[in-house]
Amino acid sequence: MVPKYLLFLALICITTIQTPAQPAVGEWTDYQSYASAKNVVDTGGKIYCVTEGGLFSFNKTDNSIQNMSGINGLSDVGI
């Protein structure tokens, strides 16, 4: 039999631990598909890739990826 204080402690831990299930109020999240590329362009320092879901770039110097979509500045008409 499990002591009552362990059950109480487990109940307190379960009810007080908060996991963020969604972004904070006023923030947007990007759920676009970047799976299939339509066009890829190498400009020397960056590689740009157009997909149905948006546009992203790969920086060759620091290996970073920047996603671009309607949330962060692209038009909603299409790329």
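The values are calculated or read from the model by the stated rules, or taken from the named source; none is laboratory data. Computed from a predicted structure; not experimentally measured. Here Cβ is always computed from backbone atoms with ideal geometry, including for glycine, and neighbour counts include all displayed protein chains.
For the range 7-48, a tally of residues being over 26 Å from Asn63 (Cβ atoms) and either at pLDDT 85 or above or surrounded by 10 or more Cβ atoms within 10 Å (Cβ to Cβ) (or both) returns 6. Filtered by the rule that a residue be in a strand (DSSP E or B) and in contact with a Ser or Thr (Cβ under 7 Å, 6 or more places away or on another chain), the range 34-46 gives Ala37, Lys38, Lys46.
Which residues, counting only those in the range 49-73, are assigned to a loop (DSSP other than H, G, I, E, B) and modelled with pLDDT of 90 or more? If the condition is that a residue be assigned to a loop (DSSP other than H, G, I, E, B) and modelled with pLDDT of 90 or more, then Lys60, Thr61, Asp62, Asn63 are the ones that fit.
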